[in-house]
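The values are calculated or read from the model by the stated rules, or taken from the named source; none is laboratory data. Note that the coordinates shown come from a computational prediction; the quantities given were computed from them, not determined experimentally. In this analysis, Cβ positions are derived from the backbone assuming ideal geometry, glycine residues included, and neighbour counts consider all displayed protein chains. Keep in mind that these areas ignore ligands, DNA and RNA; they rest on the heavy atoms of the full protein, side chains included. Shrake-Rupley method; radii C 1.70, N 1.55, O 1.52, S 1.80 Å.
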Amino acid sequence: MPPRRLLLLLLAVLCPPVPGRGEQRAAPGKIAVIGGGIGGTAAAYFLRQKFGRSVRIEVLERGEVGGRLATVEMEGASYEAGGSVLHPLNLHMKHFAKELGLPAIPVPGKLMGIYNGEEIVFEESSWYIINILKLLWHYGFSPLRMNMWVEDILDKFMRIYRYQTHDYTFSSYEQLFHALGGNDFTQILNQTIDEAMQKASFSQKFINEMVCPAMRVDYGQGVNINGFVGAVSLAGAGSSLWSVKGGNKLVCTGLIYASKADVITGTVVSIEPKTRKTSTGDPVNLYHITYDTPSGQTGDIYDIVVIAAPLNRKIANITFKNFSPPVPEFSSPYQQTVATFVHGRLNSSFFGYQDPSAFHLGAIFTTENPKLFINSVGIVSPVENRGSEEEPPLQSAVWKIFSKEELTKEQLNLLFSSYDSVKVKKWLAYPHYSPPNKFPPIILHDNIYYLNGIEWAASAMEMSSIAAKNAALLAYHRWYGNTDKIDQEDLYEKLKTEL
Ligand SMILES: Cc1cc2nc3c(=O)[nH]c(=O)nc-3n(C[C@H](O)[C@H](O)[C@H](O)COP(=O)(O)OP(=O)(O)OC[C@H]3O[C@@H](n4cnc5c(N)ncnc54)[C@H](O)[C@@H]3O)c2cc1C
Ligand SMILES: *[C@@H]1O[C@H](CO)[C@@H](O)[C@H](O)[C@H]1NC(C)=O
Ligand SMILES: *[C@@H]1O[C@H](CO)[C@@H](O)[C@H](O)[C@H]1NC(C)=O
Ligand SMILES: *[C@@H]1O[C@H](CO)[C@@H](O)[C@H](O)[C@H]1NC(C)=O
């Protein structure tokens, strides 16, 4: 072979086709997104951004758009019942709110106390300097050191935005986390937050009294959850937290609108692969999705499928028919958390106060104690006027209680000295963490992508948004064969020199 031809051949093998050239593959005709929560609606948005105007995007949702972002109505006002609080560094969520013209409102701080089942072991003061002295007295420099420890993890995690801005994507969550901080970072997913913080020489007293309560309010578990989700939870205990005026679920409906996706009301029951021959005779994979609608069972054919709901028989009960090799079964359990809203007066003597007028707390977190039937209780404000100056008087506030089980009448009568209305929302809320957890795959088949495996690192609105962008980029780059954008090693160093 003449050297020139050999060179060209080599180039052709080494360089993937450049989009825009003549040989480019045709765009997909139709994409299905299963699930209209923040993950699915963000996926629709990013898929539209990547694939352009011509592709049809359908979001299949069995209930309401928003999923685990939902509000409950109580006495004419709405309150966040699921995902409620965002961190200032949740950049995708921040971008969505801005792009959609949804105002972000600050989450007001509440005086916090920690209850161990017998007494309040720590009580915040409204005087900043007194809090600092109290913390120093109880825990030495641990709180300060904890902030630095969490910040270090957050700094590495933030690299994902730079990778995604440069169009890079990962075919598994192991590779995504490895690209953020190497083995140190994947290691923290394999340890409990207890182990990770002990290794960093935090005292057990500090871990039990300060760290554990934050895990219990955010994830309904103690310090046996993995180090990463633990750090996410600790970051969420910081200041400058925000949420979306009118309810976080408005981001989901806004993203549907912005993505020009069609929402189809239906419960997906199965997916089956089909092959069709193109005009050139090459086989292409397609997927037949069967779903139940109020008017009976129906179905349709799609080129690409993005699953944005937890695959678990108790949640998204989807059967993968006739796949070879078969799509594995994901049976890891989700944690039940019950959110109970009560308009009433908290019984301060339940928390060990002799004098009710000495009680000023707006949030009570708890340590691990099997006797306790609640994880947390705190005052909430309606989604419409959160962040407003005037706080409701403690006497007649709306309290949100998180617990594992539904509260009995007797338990409510213990917690409240009087109350008028109660609303209950039961969730299979987030994974039940028991590290080391293996991530479910992202790629379930040629053109089927699964988002919610990322929840096994941490379940949060921003995590689903990151997973959505990753999947949209992955679907796009794999469709057009841009392998140089997938699973790049040393990306951090590469991008450093690029800028
Ligand atoms: C009580 C609670 C408090 C939380 N607090 C916070 C917080 O403060 N901050 C934070 O960032 N995160 C928080 N989270 C976590 C956050 O809400 C979730 O991580 C996030 O909303 C998950 O979004 P998702 O789109 O991935 O999943 P989901 O919101 O669960 O969306 C999946 C959607 O798929 C639909 N679906 C399921 N099966 C099918 C099917 N077979 N066919 C069709 N549709 C189907 C469901 O109806 C649902 O709408 C909290 C969660 C809970 C429950
Ligand atoms: C973490 O645990 C998983 C699953 O047990 C394992 O495959 C992986 O190698 C572990 N990673 C590290 C860095 O120890
Ligand atoms: C899941 O769906 C299958 C059939 O589609 C059904 O037989 C099974 O009972 C369902 N499982 C649960 C837990 O709902
Ligand atoms: C309040 O809590 C105390 C202590 O647990 C309990 O004895 C009492 O019955 C509760 N209820 C009221 C209405 O005080």
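Confirm whether VAL424 is buried (at least 17 other Cβ atoms within 10 Å of the Cβ) and either under 30 Å from THR192 (Cα atoms) or among the aliphatic types (A, V, I, L, M) (or both).
On the way: buried (at least 17 other Cβ atoms within 10 Å of the Cβ): no; either under 30 Å from THR192 (Cα atoms) or among the aliphatic types (A, V, I, L, M) (or both): yes.
Answer is no for this residue.
Report yes if VAL223 is buried (at least 19 other Cβ atoms within 10 Å of the Cβ), in contact (Cβ under 8 Å) with a residue 12 or more places away in the chain, assigned to a loop (DSSP other than H, G, I, E, B) and not small (Gly, Ala, Ser), otherwise no.
Working: buried (at least 19 other Cβ atoms within 10 Å of the Cβ): yes; in contact (Cβ under 8 Å) with a residue 12 or more places away in the chain: yes; assigned to a loop (DSSP other than H, G, I, E, B): yes; not small (Gly, Ala, Ser): yes.
Here the answer is yes, as VAL223 does meet what is asked.
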Subset of the stretch 171-212, residues in contact with a strand residue (DSSP E or B) (Cβ under 9 Å, 6 or more places away or on another chain), within 18 Å of ALA460 (Cβ to Cβ) and touching a residue at least 60 places away in the same chain (Cβ under 8 Å), comes to LEU176, LEU189
The one condition TYR257 fails out of (1) in contact with a strand residue (DSSP E or B) (Cβ under 9 Å, 6 or more places away or on another chain); (2) aromatic (Phe, Trp, Tyr); (3) surrounded by fewer than 21 Cβ atoms within 10 Å (Cβ to Cβ) is (1)
Exception for THR408 within (1) open to solvent by less than 70 Å² (accessible area, probe 1.4 Å); (2) in contact (Cβ under 8 Å) with a residue 12 or more places away in the chain; (3) over 30 Å from LYS469 (Cα atoms) falls at (2)
Going through the stretch 256-281 in order, the residues found to be within 13 Å of ligand 1 (Cβ to nearest atom) and more than 25 Å from LEU444 (Cα to Cα) are none
I'd like to check something: does the stretch 357-367 contain any residue that is open to solvent by 80 Å² or more (accessible area, probe 1.4 Å), in the same structural domain as VAL107 (by the TED database), closer than 24 Å to SER239 by Cα and not in a strand (DSSP E or B)? yes
Given the conditions (1) in a loop (DSSP other than H, G, I, E, B); (2) assigned by the TED database to the domain that holds VAL342; (3) surrounded by 23 or more Cβ atoms within 10 Å (Cβ to Cβ); (4) not polar (S, T, N, Q), every one holds for ALA458 apart from (2)
ILE34 being at pLDDT 95 or above, assigned by the TED database to the domain that holds ASP300 and under 17 Å from the mean Cα position of the chain (by Cα): yes
Considering residues that are over 15 Å from the mean Cα position of the chain (by Cα), of a type in the set (Val, Ile, Thr), outside the structural domain of LEU234 (by the TED database) and in a loop (DSSP other than H, G, I, E, B), the number found within the stretch 67-109 is 0
From the option list SER332, SER324, single residue qualifying as in a loop (DSSP other than H, G, I, E, B), in contact with a strand residue (DSSP E or B) (Cβ under 7 Å, 6 or more places away or on another chain), surrounded by fewer than 18 Cβ atoms within 10 Å (Cβ to Cβ) and at pLDDT below 95 is SER332
Those residues of the stretch 294-349 which are within 16 Å of ligand 3 (Cβ to nearest atom) and under 20 Å from ALA475 (Cα atoms) amount to ILE307, ALA309, PRO310, LEU311, PHE320, PHE323, VAL327
With the first residue restricted to the stretch 344-355 and required to be in the same structural domain as LEU414 (by the TED database) and part of a loop (DSSP other than H, G, I, E, B), and the second required to be within 16 Å of ligand 3 (Cβ to nearest atom) and open to solvent by 10 Å² or more (accessible area, probe 1.4 Å), Cβ contacts under 7 Å at 6 or more apart or on different chains are none
So, first residue farther than 10 Å from SER243 by Cα and in contact (Cβ under 8 Å) with a residue 24 or more places away in the chain in the stretch 84-99, second residue of a type in the set (S, T, N, Q) and open to solvent by less than 70 Å² (accessible area, probe 1.4 Å), Cβ within less than 7 Å, six or more apart or across chains; the pairs are HIS92/SER465
Restricted to the stretch 350-372 and to residues being more than 30 Å from the chain's Cα centre (by Cα) and within 17 Å of SER403 (Cα to Cα), the residue nearest to ligand 3 (Cβ to nearest atom) is PHE350
Of the listed residues (SER142, SER125), the one being without any contact (Cβ under 8 Å) to a residue 24 or more places away in the chain and open to solvent by less than 70 Å² (accessible area, probe 1.4 Å) is SER125
Of (1) among the hydroxyl-bearing types (Ser, Thr, Tyr); (2) within 16 Å of ligand 4 (Cβ to nearest atom); (3) open to solvent by 20 Å² or more (accessible area, probe 1.4 Å), SER348 fails just (3)
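Name the one entry in TYR173, TYR161 that is farther than 16 Å from ALA231 by Cα, of a type outside the set (Asp, Glu) and buried (at least 16 other Cβ atoms within 10 Å of the Cβ).
Matching residue, one of TYR173, TYR161: TYR173.
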- [ ] Inspect all residues belonging to the stretch 304-321 and state whether any of them is open to solvent by 20 Å² or more (accessible area, probe 1.4 Å), within 17 Å of LEU444 (Cα to Cα), of a type in the set (Val, Ile, Thr) and within 16 Å of ligand 1 (Cβ to nearest atom).
- [x] yes
